[in-house]
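For reference, the structure is listed below as structure tokens.
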Amino acid sequence: MKITKEHLKSWGASDDGYDFFLRRFPAGEAEYQGVLNAIADADLPDYADWLMENAGPDEGAVIALESIANCKHFFATGRIVIANGAAVTGRLRAGTGIEAGEGIKAGMVIKAGDGIEAGWRIGAGTVIEAGEGIKAGDGIEAGWGIKAGEGIKAGEGIKAGTGIKAGTGIKAGRVIEADTVIKAGDGIEAGWGIEAGTDIKAGDGFGIFAGLRLPLADWTLWAKVIAKAKPDNLVSGSWVEPEVVTDMDAAQSMIKTQRVAI
């Protein structure tokens, strides 16, 4: 798949972006992946986002690697398959999916047009976003928000600095925690507690379950569901308003002490 100067003009490229393309590719055309590589090398991630939004994904393209490391950004027109792990200091984005046998970590954004899946942890300094599902063998954590067009599933905890939103269900082996809203199109299930700065909302007709991996002796203490208002369809867990959580609760609670490590 080629990108041409005519494409850029028709998509309304900025003067700076158009000039960059012609400096790097004087012939006025280049392979889509080659353009993204040049953008990554030049540390121009906003250009990559713009190009990928306008050109769309290359559905048939697959980049298979042992690992991704020692780079600031990595952009792929299609799918990225990583045998081991991926770690970038900036942005990691794929036109379709991202799959890693180990962990995926970005200092800024992780974004995929389809799904994101890792054998270990998934962590981003700002946003994790997938057009389909997000799945990690361990925890999932974003400094800002986590958003999936389908489900979000973690073997350990899920934590977002702002909100967590899933088109279908949200499921974590430990704590689910967000500073604003936790919202799912289907059910919400946590092995330990659930905490939102504002609301916790499941889809119509679906339940909210906390404490599913706790022994009964610990359930009352640890299976807390903390939100400003009692969630509808709360099936398992004891609802607590944030203001009611005592200092002792905060000191003891797994919600506060068992953070998801990236």
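The values are calculated or read from the model by the stated rules, or taken from the named source; none is laboratory data. Predicted model only: the values in this text are computed from it and were never measured. Reconstructed Cβ throughout: ideal geometry from the backbone, glycine too, with neighbour counts over all protein chains shown.
In region 72-108, how many are within 22 Å of Ala55 (Cα to Cα) and part of a loop (DSSP other than H, G, I, E, B)?
Number satisfying all stated conditions: 8.
Quickly run through region 1-10 and pick out the residues that are surrounded by 13 or more Cβ atoms within 10 Å (Cβ to Cβ) and either among the charged types (D, E, K, R) or assigned to a strand (DSSP E or B) (or both).
Ile3, Thr4, Lys5
Give the number of residues within region 28-61 that are free of Cβ contacts under 8 Å to residues at least 60 places away in the same chain, assigned to a loop (DSSP other than H, G, I, E, B) and of a type in the set (A, V, I, L, M, F, W, C).
Total satisfying the criteria: 2.
Kindly provide the set of residues from region 11-27 that are in a helix (DSSP H, G or I) and over 14 Å from Glu53 (Cβ atoms), ordered by number.
Of everything in region 11-27, those that are in a helix (DSSP H, G or I) and over 14 Å from Glu53 (Cβ atoms) turn out to be Asp15, Asp16, Tyr18, Asp19, Phe20, Phe21, Leu22, Arg23, Arg24.
Quick one: is Asp41 at pLDDT 95 or above, over 16 Å from Leu8 (Cα atoms), of a type outside the set (Val, Ile, Thr) and out of contact with any helix residue (DSSP H, G or I) (no Cβ under 7 Å at 6 or more places or on another chain)?
When the stated conditions are applied, Asp41 passes them.
I'd like to check something: does region 216-225 contain any residue that is under 17 Å from Thr168 (Cα atoms), in contact with a strand residue (DSSP E or B) (Cβ under 9 Å, 6 or more places away or on another chain) and outside any strand (DSSP E or B)?
No, because not a single residue in region 216-225 is under 17 Å from Thr168 (Cα atoms), in contact with a strand residue (DSSP E or B) (Cβ under 9 Å, 6 or more places away or on another chain) and outside any strand (DSSP E or B).
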